[in-house]
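A quick write-up on the structure given underneath.
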Amino acid sequence: MSHLPILLVDDEEGIRTVLSITLEDAGHKVDTAANASDALEMFRARRYPLVVTDIRMPGMSGVELLREIKRIDPKTEVIMISGHADIDVAIQSLKHDASDFITKPINMDVFTFALQRAEERSTMRRQLEEYTSNLEALVEKKSAQLVEVERRMAASQLFEGLTASLDAFAANLDNMSMFNQMPMFVSIHNRNREVVAINDHYRQRLGDLVGEKSWSMYDDLRQGEQECPVARTIADKAARRAEHVVRCVNGNLHSVAVDTVPITASDDEVELVLEFMVDLREAEQLRDELRTTQHKYQQLFDQTPCFISVQNRGFTILSSNARHKDGLGDLEGGLCYERIMHRASPCRDCPLIKTFEDGEMHQMETVITNRKGEQINALIWSAPIRDTSGEITEAIEMITDITQIRKLQDRLTSLGLLLGSTAHGIKGLLTGIDGAIYRLGAGLEKQNFARVEDGFNDLQHLTGRVKQTVLDILYYAKKRELNWKSIDVATFALNTYTSMSAKAEARGVLLELDLAANLGSFKADASILVSALGNILENAIDACNGNEPDAPGNVLFKITCDASQIAFQITDNGAGMDHETRDKLFTLFFSSKGIAGTGIGLFVANEIVQQHGGNITVESEQGHGSTFIVYIPRELSVQV
């Protein structure tokens, strides 16, 4: 048996050398290429019947080379070699009609067997093509002879000649040696719907059915002969393709793809039928395994207690799991930094950027808003997704809600952080108090009452600031039970306004009070609720500090109500906030004032309002001011 020439493709020189020696010792002529691009050029110049290629190579992968080779010459047999036993790569290779799939390190017995099988397939295909070509030439020749005979011979002579030709053709078909190398069930049937010849593969798997009816091997023909592919081909004189179930000699049932081809006699009647059957069991098993694997991965994807999404290099959300859709919304097709982080550009410490750069896992911690408008502490992990060539095409982003963990940690560790973050502010207040006391004493000594009043006012303001800071710390350190009392809304609002008006006036900000009629009363702990509203009012006044002289700061404190709740609205015309700042506004130690803020005022205010059974809404836009609305129910159904 002559050995076919082989093109060997691998980027590792050692593997090329070892395999070349093995193949040449076996009698093959071997040409080698170090990459897929060179191999493709060599293949275009010389159509090799056998190609052995590695899958993972720089540049064009082995799968891409397989696809190009099959496009140029579908008859070429290609054996794929991979260093990874990857079922997805195997399926993709077989989908593009690869002959075999071998993993590294290469077992030479397995490689030799795969090579032998590929060579047999190539030889068998070539023989079948030669037979088909000869058959077509024979038909063409006989057709030409028929025309000539019609001109020169009588009808009786014509019939005798065709009968002799048909007998010779049938005798040739009885010799099945040309089909014995084919890895399929091949059989020949006569016009009486009987099996007259079979190949070795048919005999070993389905049994020696020569002489049996053409439908005897099928297990799924409810109507018997009427559904038999051979019988149908004889009836309509046309080639057919169908899928059926056959019973093997061991009793097992197998699905097969059946192709039948009619061979007609001189009277245009079907004399013989050539039948090919291909076992679909392995393909079905692969499909079942693939469906099972996909189902398991989808379940794992959806049931994982994290918000999971897959994104490309442009940060477009390509897919997301069920928890992601339920918690953050169906954001597929949108940009991560716009839809989740509410930013105009990617986050500075975005882990996805780092993953796409170095192919490693990265993480960051931040605060995001869920689809219900609730702020959650989130730990974000990123990991790369690679294609068969090892290139990073996408990345997976996993967001874990760690809000409860953070709350537990905060209660254990935040007191120390709180003292550290407020020490500088308290020190500044104490220095101011020292200065106010000095001015007060100097005024008394010199009988300068204007200076005394100045010192007294400063001292009163600074001690108020110290008191508020200490109350915030104490409230955060240990929540106290509320002292519930029925409070007149108008009186409470007026007292709150009065306590903040002096500060607003000192900052050059106009603080206005707007009270609706018939506000009635509500139940609350006035001593701490006024602290919450005071924190928000103070923030509104501070937000107006940067206003231009022609647009003086203005804060409106408006109180409205309905039958069930009181609404305290605080609106300023200050700097405003972007979406990201609004998301983190009530987070502990977050401050938009830099070192001028402690980052606990609004956090404590929100805690106090929630303890009263209420909530705070915020509307703001950069450059267009902010509006805070504090909703407090008139009656708390369950006091917390």
Flag for THR463 being among the hydroxyl-bearing types (Ser, Thr, Tyr), closer than 27 Å to PHE603 by Cα, exposed (fewer than 15 other Cβ atoms within 10 Å of the Cβ) and modelled with pLDDT under 75: no
Unique match (being among the small types (Gly, Ala, Ser) and closer than 17 Å to PHE113 by Cα) among GLY14, GLY27: GLY27
Pairs with Cβ under 6 Å, 6+ apart, first in region 244-270 and more than 22 Å from GLN226 (Cβ to Cβ), second basic (Lys, Arg) and at pLDDT below 90: CYS248/ARG205; HIS254/ARG281
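Among the listed residues ARG291, ARG281, identify the single one that is touching a Ser or Thr at 6+ places or on another chain (Cβ under 9 Å) and more than 19 Å from GLU580 (Cβ to Cβ). Break it down stepwise before answering.
Working: ARG291 fails: touching a Ser or Thr at 6+ places or on another chain (Cβ under 9 Å).
Being touching a Ser or Thr at 6+ places or on another chain (Cβ under 9 Å) and more than 19 Å from GLU580 (Cβ to Cβ) holds for just one of ARG291, ARG281, which is ARG281.
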Listing of helices (runs of 4 or more DSSP H) fully contained in region 26-111 that carry 2 or more residues being within 26 Å of GLU289 (Cβ to Cβ): 62-72, 87-95
Any hit, region 98-111, residues being over 20 Å from SER122 (Cα atoms), touching a Leu at 6+ places or on another chain (Cβ under 8 Å) and modelled with pLDDT under 85: yes
Filter result (surrounded by fewer than 18 Cβ atoms within 10 Å (Cβ to Cβ) and among the hydrophobic types (A, V, I, L, M, F, W, C)) within region 210-242: VAL210, LEU221, ALA235, ALA238, ALA239, ALA242
Cross-chain or 6+ apart pairs with Cβ under 9 Å, region 417-445 first and assigned to a helix (DSSP H, G or I), then surrounded by fewer than 13 Cβ atoms within 10 Å (Cβ to Cβ) and modelled with pLDDT of 75 or more: ALA436/GLN460; GLY443/PHE449; GLY443/ALA450
In region 16-38, the residues that are over 17 Å from LEU4 (Cα atoms) and crowded, with 18+ Cβ neighbours inside 10 Å: ARG16, ALA33, ALA36
Residues that are farther than 18 Å from MET577 by Cβ and touching a residue at least 24 places away in the same chain (Cβ under 8 Å), drawn from region 606-623: GLU607, ILE608, VAL609, GLN611, HIS612, GLY613, GLY614
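Can you tell me which residue in region 185-225 is farthest from GLU275 (Cα to Cα), limited to those that are in a strand (DSSP E or B) and among the polar types (S, T, N, Q)? Give the steps one after another, and end with the answer.
First, pick out the residues of region 185-225 that are in a strand (DSSP E or B): 185-190, 194-198, 213, 218.
Then keep just the ones that are among the polar types (S, T, N, Q); that gives 187, 190.
Numbers: SER187: 5, ASN190: 11 Å.
In this case the residue turns out to be ASN190.
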Qualifying residue in region 466-480 (condition: surrounded by fewer than 20 Cβ atoms within 10 Å (Cβ to Cβ), farther than 30 Å from SER564 by Cβ, at pLDDT 80 or above and of a type outside the set (Phe, Trp, Tyr)): no
Filter result for the condition that a residue is surrounded by fewer than 19 Cβ atoms within 10 Å (Cβ to Cβ), at pLDDT 90 or above, β-branched (Val, Ile, Thr) and assigned by TED's automatic domain parsing to the domain that holds LEU115, over ILE72, ILE87, ILE91: ILE72
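The values are calculated or read from the model by the stated rules, or taken from the named source; none is laboratory data. Source: prediction; values computed, not measured. Using ideal geometry, Cβ is built from the backbone for each residue, glycine included, and neighbour counts are taken over all protein chains shown.
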